[in-house]
Amino acid sequence: NAGVMQNPRHLVRRRGQEARLRCSPMKGHSHVYWYRQLPEEGLKFMVYLQKENIIDESGMPKERFSAEFPKEGPSILRIQQVVRGDSAAYFCASSPDLVYGYTFGSGTRLTVV
Amino acid sequence: AQKVTQAQTEISVVEKEDVTLDCVYETRDTTYYLFWYKQPPSGELVFLIRRNSFDEQNEISGRYSWNFQKSTSSFNFTITASQVVDSAVYFCALSAVQGAQKLVFGQGTRLTINP
(Lines give C-alpha, C1' and ligand atoms only; values in the text may rest on other atoms or scores of the structure.)
Protein backbone atom coordinates (compact mmCIF):
# COMPACT_ATOMS: atom_id res chain seq x y z
CA ASN A 1 0.00 0.00 0.00
CA ALA A 2 1.71 3.15 -1.20
CA GLY A 3 1.89 6.06 1.19
CA VAL A 4 0.37 9.48 0.69
CA MET A 5 1.66 10.70 -2.66
CA GLN A 6 2.22 14.35 -3.32
CA ASN A 7 3.30 15.83 -6.60
CA PRO A 8 5.15 17.63 -7.77
CA ARG A 9 7.87 17.39 -5.15
CA HIS A 10 9.20 20.78 -6.16
CA LEU A 11 7.31 23.50 -8.01
CA VAL A 12 8.61 26.83 -9.23
CA ARG A 13 6.18 29.51 -10.29
CA ARG A 14 6.57 33.13 -11.31
CA ARG A 15 4.61 35.75 -9.48
CA GLY A 16 1.07 35.90 -10.79
CA GLN A 17 0.93 32.32 -12.05
CA GLU A 18 -1.25 29.56 -10.66
CA ALA A 19 0.09 26.68 -8.58
CA ARG A 20 -1.72 23.33 -8.40
CA LEU A 21 -0.57 20.88 -5.77
CA ARG A 22 -1.81 17.31 -5.89
CA CYS A 23 -2.29 14.81 -3.11
CA SER A 24 -3.27 11.18 -3.62
CA PRO A 25 -4.32 9.75 -0.25
CA MET A 26 -3.57 6.22 0.81
CA LYS A 27 -5.98 3.61 -0.51
CA GLY A 28 -9.19 3.61 1.46
CA HIS A 29 -8.52 6.99 3.07
CA SER A 30 -11.38 9.45 2.69
CA HIS A 31 -10.07 12.20 4.99
CA VAL A 32 -7.49 14.65 3.68
CA TYR A 33 -5.70 17.52 5.41
CA TRP A 34 -3.43 20.23 4.03
CA TYR A 35 -0.77 21.98 6.11
CA ARG A 36 1.68 24.72 5.19
CA GLN A 37 5.19 25.16 6.53
CA LEU A 38 6.32 28.73 6.02
CA PRO A 39 9.94 29.61 6.73
CA GLU A 40 10.29 30.72 10.36
CA GLU A 41 6.60 30.11 11.05
CA GLY A 42 6.28 26.39 11.59
CA LEU A 43 3.54 24.09 10.41
CA LYS A 44 0.00 25.42 10.21
CA PHE A 45 -3.29 23.72 9.41
CA MET A 46 -4.99 24.95 6.27
CA VAL A 47 -7.98 22.76 5.39
CA TYR A 48 -9.67 19.45 6.11
CA LEU A 49 -11.70 17.67 3.46
CA GLN A 50 -13.68 14.51 3.08
CA LYS A 51 -14.70 13.19 -0.29
CA GLU A 52 -16.38 16.05 -2.20
CA ASN A 53 -16.76 18.15 0.97
CA ILE A 54 -14.75 20.83 2.72
CA ILE A 55 -15.19 20.21 6.43
CA ASP A 56 -12.93 22.84 7.98
CA GLU A 57 -11.12 25.58 6.06
CA SER A 58 -10.41 27.83 9.00
CA GLY A 59 -6.68 27.94 8.19
CA MET A 60 -7.03 28.85 4.53
CA PRO A 61 -6.18 32.39 3.45
CA LYS A 62 -9.39 34.09 2.38
CA GLU A 63 -8.23 34.92 -1.12
CA ARG A 64 -6.43 33.06 -3.91
CA PHE A 65 -6.41 29.68 -2.13
CA SER A 66 -8.86 26.85 -2.74
CA ALA A 67 -8.96 23.12 -2.14
CA GLU A 68 -10.99 20.24 -3.44
CA PHE A 69 -11.21 16.49 -2.97
CA PRO A 70 -13.37 15.11 -5.77
CA LYS A 71 -15.13 11.77 -5.76
CA GLU A 72 -12.51 10.46 -8.16
CA GLY A 73 -8.89 11.55 -8.30
CA PRO A 74 -6.50 13.36 -6.01
CA SER A 75 -7.08 16.26 -3.71
CA ILE A 76 -5.94 19.55 -5.23
CA LEU A 77 -4.72 22.65 -3.46
CA ARG A 78 -4.85 25.58 -5.85
CA ILE A 79 -3.13 28.90 -5.35
CA GLN A 80 -4.02 31.59 -7.84
CA GLN A 81 -1.83 34.58 -8.66
CA VAL A 82 1.01 33.39 -6.45
CA VAL A 83 3.15 35.87 -4.56
CA ARG A 84 6.59 35.45 -3.01
CA GLY A 85 5.01 34.97 0.41
CA ASP A 86 3.37 31.75 -0.81
CA SER A 87 6.80 30.10 -1.00
CA ALA A 88 6.60 27.26 1.49
CA ALA A 89 6.37 23.52 1.90
CA TYR A 90 2.82 22.22 1.59
CA PHE A 91 2.04 18.92 3.24
CA CYS A 92 -0.94 16.69 2.70
CA ALA A 93 -2.07 14.00 5.14
CA SER A 94 -4.75 11.34 4.87
CA SER A 95 -6.68 9.09 7.23
CA PRO A 96 -9.17 6.22 6.86
CA ASP A 97 -11.08 7.54 9.84
CA LEU A 98 -10.03 9.79 12.64
CA VAL A 99 -9.65 7.03 15.18
CA TYR A 100 -6.32 6.04 13.67
CA GLY A 101 -4.71 9.43 13.16
CA TYR A 102 -3.21 10.32 9.84
CA THR A 103 -0.16 9.88 7.61
CA PHE A 104 1.71 12.71 5.95
CA GLY A 105 3.03 12.84 2.42
CA SER A 106 6.53 14.05 1.60
CA GLY A 107 5.35 17.55 0.79
CA THR A 108 5.53 19.92 -2.17
CA ARG A 109 8.08 22.72 -2.01
CA LEU A 110 6.69 25.75 -3.77
CA THR A 111 9.09 28.50 -4.76
CA VAL A 112 7.73 31.72 -6.20
CA VAL A 113 10.25 33.74 -8.20
CA ALA B 1 -7.36 28.00 22.16
CA GLN B 2 -4.70 25.36 21.82
CA LYS B 3 -1.01 26.13 21.95
CA VAL B 4 2.21 24.12 21.89
CA THR B 5 5.52 25.55 23.02
CA GLN B 6 8.91 24.08 22.29
CA ALA B 7 11.21 26.47 24.06
CA GLN B 8 14.40 24.92 22.73
CA THR B 9 15.00 26.26 19.26
CA GLU B 10 18.25 24.38 18.67
CA ILE B 11 20.13 21.70 20.55
CA SER B 12 23.57 20.35 19.67
CA VAL B 13 25.11 17.34 21.38
CA VAL B 14 27.86 14.87 20.75
CA GLU B 15 26.97 11.41 19.57
CA LYS B 16 26.04 8.90 22.29
CA GLU B 17 24.84 11.60 24.65
CA ASP B 18 21.26 11.49 25.89
CA VAL B 19 19.09 14.44 24.92
CA THR B 20 15.64 15.60 26.00
CA LEU B 21 13.36 17.76 23.90
CA ASP B 22 10.80 19.72 25.87
CA CYS B 23 7.17 20.27 24.94
CA VAL B 24 4.59 22.23 26.91
CA TYR B 25 1.00 22.57 25.74
CA GLU B 26 -2.17 24.47 26.53
CA THR B 27 -5.69 23.28 25.87
CA ARG B 28 -9.14 23.58 27.42
CA ASP B 29 -10.18 20.16 26.17
CA THR B 30 -10.47 17.41 28.76
CA THR B 31 -9.30 14.81 26.29
CA TYR B 32 -6.80 15.40 23.55
CA TYR B 33 -4.01 13.80 21.58
CA LEU B 34 -0.32 14.63 21.77
CA PHE B 35 2.15 13.83 19.01
CA TRP B 36 5.81 13.94 18.09
CA TYR B 37 7.02 14.16 14.50
CA LYS B 38 10.53 14.09 13.08
CA GLN B 39 11.52 16.13 10.02
CA PRO B 40 14.90 14.96 8.71
CA PRO B 41 16.94 17.08 6.30
CA SER B 42 15.14 15.42 3.38
CA GLY B 43 12.03 17.28 4.52
CA GLU B 44 9.32 14.68 5.03
CA LEU B 45 7.34 14.43 8.26
CA VAL B 46 7.85 11.16 10.09
CA PHE B 47 5.29 10.16 12.72
CA LEU B 48 6.86 9.06 16.00
CA ILE B 49 4.08 8.76 18.55
CA ARG B 50 0.48 9.64 19.37
CA ARG B 51 -0.63 9.65 22.98
CA ASN B 52 -4.16 10.07 24.31
CA SER B 53 -4.44 12.37 27.31
CA PHE B 54 -6.07 9.75 29.51
CA ASP B 55 -3.05 7.48 29.15
CA GLU B 56 -0.31 8.93 31.32
CA GLN B 57 2.02 5.96 31.17
CA ASN B 58 5.44 6.74 29.85
CA GLU B 59 6.35 5.10 26.57
CA ILE B 60 9.62 3.61 25.41
CA SER B 61 10.45 2.56 21.88
CA GLY B 62 14.04 1.52 21.43
CA ARG B 63 16.23 4.56 22.12
CA TYR B 64 13.19 6.85 22.23
CA SER B 65 11.12 7.52 25.31
CA TRP B 66 8.32 9.94 26.12
CA ASN B 67 7.39 11.42 29.47
CA PHE B 68 3.81 12.67 29.70
CA GLN B 69 3.05 14.80 32.77
CA LYS B 70 -0.54 16.01 32.72
CA SER B 71 -0.02 17.99 35.93
CA THR B 72 2.56 20.21 34.22
CA SER B 73 1.07 19.96 30.69
CA SER B 74 4.29 18.58 29.34
CA PHE B 75 5.11 15.80 26.89
CA ASN B 76 8.89 15.54 26.72
CA PHE B 77 10.87 13.36 24.35
CA THR B 78 14.21 11.75 25.22
CA ILE B 79 16.66 10.14 22.85
CA THR B 80 19.11 7.84 24.59
CA ALA B 81 22.58 7.25 23.15
CA SER B 82 21.98 9.69 20.32
CA GLN B 83 23.23 8.97 16.82
CA VAL B 84 24.06 11.21 13.89
CA VAL B 85 20.97 9.91 12.07
CA ASP B 86 18.84 11.46 14.82
CA SER B 87 19.75 14.91 13.52
CA ALA B 88 16.49 16.51 12.45
CA VAL B 89 13.85 19.02 13.43
CA TYR B 90 11.42 17.56 15.93
CA PHE B 91 7.88 18.83 16.28
CA CYS B 92 5.49 18.36 19.15
CA ALA B 93 1.79 18.71 18.28
CA LEU B 94 -1.64 18.65 19.87
CA SER B 95 -5.12 17.91 18.57
CA ALA B 96 -8.62 17.56 19.89
CA VAL B 97 -10.08 14.07 20.07
CA GLN B 98 -13.39 15.19 18.64
CA GLY B 99 -14.12 17.11 15.47
CA ALA B 100 -11.60 17.78 12.73
CA GLN B 101 -8.57 16.75 14.82
CA LYS B 102 -6.42 19.36 13.16
CA LEU B 103 -2.91 19.47 14.54
CA VAL B 104 -1.47 22.46 16.35
CA PHE B 105 2.30 22.28 16.08
CA GLY B 106 5.05 23.73 18.19
CA GLN B 107 7.78 25.71 16.48
CA GLY B 108 10.10 22.72 16.41
CA THR B 109 13.49 21.95 17.90
CA ARG B 110 16.44 21.52 15.58
CA LEU B 111 18.60 18.72 16.95
CA THR B 112 22.14 18.29 15.70
CA ILE B 113 24.13 15.24 16.70
CA ASN B 114 27.83 15.72 16.15
CA PRO B 115 30.12 12.75 15.56
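Across the range B:22-67, C-alpha contacts under 8 Å between residues 6 or more apart give a mean separation that, scaled by the residue count, equals a relative contact order of 29 percent.
Using the Cβ-Cβ distance between B:Thr78 and A:Ser87 with R0 = 41 Å, the FRET efficiency computed as 1/(1 + (r/R0)^6) comes to roughly 0.75. Could you list log10 I(q)/I(0) for chain B at q = 0.12, 0.13, 0.22, 0.23 Å⁻¹, which the Debye formula gives when each Cα is one point scatterer? Debye curve over Cα of chain B, log10 I(q)/I(0) at q = 0.12, 0.13, 0.22, 0.23 Å⁻¹: -0.39, -0.46, -1.25, -1.35. What a 1.4 Å probe finds exposed on the protein assembly as shown is 48% carbon and sulfur by accessible area, rounded to a whole percent. Partners of B:Lys70 within straight-line reach, counting lysines whose Cα lies under 17 Å from its Cα and excluding those fewer than 8 residues away in the same chain: B:Lys3. Using the alpha carbons alone, the radius of gyration of the range A:1-50 stands to its Kirkwood radius in an Rg to Rh ratio of 1.01.
Local charge for A:Gly107 was computed over the other residues whose Cβ lies under 13 Å away, with Lys and Arg +1 and Asp and Glu -1, and equals +3. When chain B is treated as a GNM with alpha-carbon contacts under 10 Å, the residue of B:Leu34, B:Leu94, B:Leu48 showing the greatest mean-square fluctuation is B:Leu48.
Scaled against 2.2 N^0.38 Å for its residue count N, the alpha carbon radius of gyration of the protein assembly as shown is 1.03.
Dipole check for chain A: with +1 at the C-beta of Lys and Arg, -1 at the C-beta of Asp and Glu, and the Cα centre as origin, the magnitude is about 480 Debye. Look at the dipole of the range B:15-115 built from charges on Cβ: of B:Gly99, B:Phe54, B:Thr80, the Cα furthest out on the positive end belongs to B:Gly99.
Shown here is the pair-distance distribution of the range B:1-45: with all Cα-Cα distances grouped in 5 Å bins from zero up to the longest one, the shares run 5, 13, 20, 23, 19, 11, 6, 3 percent.
Relative to the Cα centre, the charge distribution of chain B, modelled as +1 at Lys and Arg Cβ and -1 at Asp and Glu Cβ, gives a dipole magnitude of about 280 debye. Per residue, the average separation of C-alpha pairs within less than 8 Å and at least 6 apart gives the range B:58-115 a relative contact order of 27 percent. For the range A:42-63, accessible area lost to neighbouring protein chains reaches 50 Å² or more, against the chain alone with a 1.4 Å probe, at A:Leu43. For the protein assembly as shown, the dipole from Cβ point charges (+1 on Lys and Arg, -1 on Asp and Glu) about the Cα centre works out to 860 debye, to the nearest 20. Here the label points at A:Glu40 and B:Ser12, each 7 Å from Cα along the C-beta direction, are separated by 2.1 nm in the simple model. Database remark: amide H of B:Ile49 closer than 5 angstrom to the amide H of B:Trp36 (H placed geometrically; neighbours at sequence offset of 5 or more, or on other chains; Pro and chain starts carry no H). Its relative contact order, with pairs defined as Cα atoms under 8 Å and 6+ residues apart, puts chain A at 37 percent. Cα convex hull, the range A:41-110: 110 Å³ per residue, rounded to a whole number. Considering only A:Tyr48, A:Tyr100, A:Tyr90, give the residue with the highest GNM mean-square fluctuation for chain A, with springs between Cα atoms whenever their separation is below 10 Å. Maximum among the listed residues: A:Tyr100.
In the protein assembly as shown, the DSSP beta bridges split such that about 90 percent are antiparallel, to the nearest 5. So what's the net charge close to A:Ser94: Lys and Arg +1, Asp and Glu -1, counting the other residues with Cβ under 13 Å from its Cβ? It works out to a net charge of +2.
The values are calculated or read from the model by the stated rules, or taken from the named source; none is laboratory data. In this text the structure is predicted, and so the values were computed from the model without any measurement. Positions of Cβ are backbone-derived with ideal geometry, glycine not excepted, and every protein chain shown enters the neighbour counts. Only protein heavy atoms, including side chains, enter the accessible area calculation; ligands, DNA and RNA are left aside. Shrake-Rupley method; radii C 1.70, N 1.55, O 1.52, S 1.80 Å.
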